[in-house]
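Read through the structure below, which is laid out as structure tokens, and then see the notes.
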């Protein structure tokens, strides 16, 4: 007597494996770009915090200096380099208005994932902008085209 019954198989069929592979690929196609956007946003938030920290240090140094002018301050270079690795931080005095007003700008460094993500500006009065459309903001004013923070 021969046994014509097949044993139940514990393996997956090729079709089941292909369907699982397609589902994983679709999920990865959605998840990876979202993750990358969140990483870039996190770096931008770090830069915003760094600009705020730098404004605080500058104000502390100005309060302790004899003249209190921005041009007489020596901001430690290690502070600028330590704060942010993906942005170039610059301090820009306001040539038009009073000497006490200045801006701190963050411009994305070339070769980083922040390129094309827009520059940051924070004024000494605490008004901050994210210049979405350009990495090198030419204006220091926050306009309607920029996101305030």
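Taken together, the values in this text are just the output of simple stated rules run on the coordinates, not laboratory data. Just so we're clear, the structure is a prediction, and the values are computed from it rather than from any experiment. Quick reminder, even Gly has a Cβ in these numbers, built from the backbone with ideal geometry, and neighbours come from all protein chains shown.
Counting neighbouring beta carbons within 10 Å and listing from fewest to most, the residues 32, 104 come out as 32, 104. Compared with the direct C-alpha span, the chain from residue 91 to residue 61 gains 9.4 nm at full extension, assuming 0.36 nm per residue. FRET efficiency for the residue 31 to residue 132 pair, using the beta carbon distance and R₀ = 41 Å, is estimated at 0.95.
Treating r as the C-beta distance of residue 113 and residue 15 and R0 as 41 Å, the FRET efficiency rounds to 0.55. By other beta-carbon atoms within 10 Å, ranking 109, 44 with the fewest at the front produces 109, 44.
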